[in-house]
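Novice: Got a structure for you, questions after.
The values are calculated or read from the model by the stated rules, or taken from the named source; none is laboratory data. All figures in this text were calculated on a predicted structure; none of them were measured in a lab. Using ideal geometry, Cβ is built from the backbone for each residue, glycine included, and neighbour counts are taken over all protein chains shown.
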Amino acid sequence: MPVIRFVREGRDVECYPGENLREVALREGIALYGLKGQLGNCGGCGQCITCFVDVVGESSPGSLSGRTAVEEQKLRRRPQTWRLACQTLVNQSVLVLTKPQTGLGDLDQKVNQAKAEPLPAGPTAWPVQESDEDEEASGQTTTSDEEA
């Protein structure tokens, strides 16, 4: 599975390929929003721009989905490494800095430390789950001995 390394928090979080970055962060309890975003955000529609993150280092081109038209419009005066978490899909492992507008005294040290540890590449597809029909076909069903 791809790993999102949240630099500020010092946490690695696994996700499925193609999962939304904002949804993963919120599910894992990552503090994605500053005060303004905590008080009010658009819920992931890309309109409030309070969920922006800085992609510190892509493990390879295509680690994330391309910038959407909404991102191009909302982040036009921001660095190219900034993304709206609600508009970003994670395809492969990546390093992310939440709340890049907020200062962090030892930022360079944390970034270098995060980059020093290799990230797993992650799969390129969702895991396959066997259905009940697959289990029946493989003979793994249970039968009752109480039939008379």
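Novice: Any residue that is on the phi > 0 side of the Ramachandran plot and in contact with a helix residue (DSSP H, G or I) (Cβ under 8 Å, 6 or more places away or on another chain) - is there at least one of those in segment 46-65?
Specialist: The answer is yes; a qualifying residue exists.
Novice: Determine whether CYS48 is more than 17 Å from VAL94 (Cα to Cα) and not basic (Lys, Arg).
Specialist: Yes: the conditions hold for CYS48.
Novice: From VAL70, VAL96, grab the single residue that is within 19 Å of the chain's Cα centre (by Cα), at pLDDT 90 or above and within 23 Å of GLY10 (Cβ to Cβ).
Specialist: Going through VAL70, VAL96 in turn, the sole match is VAL96.
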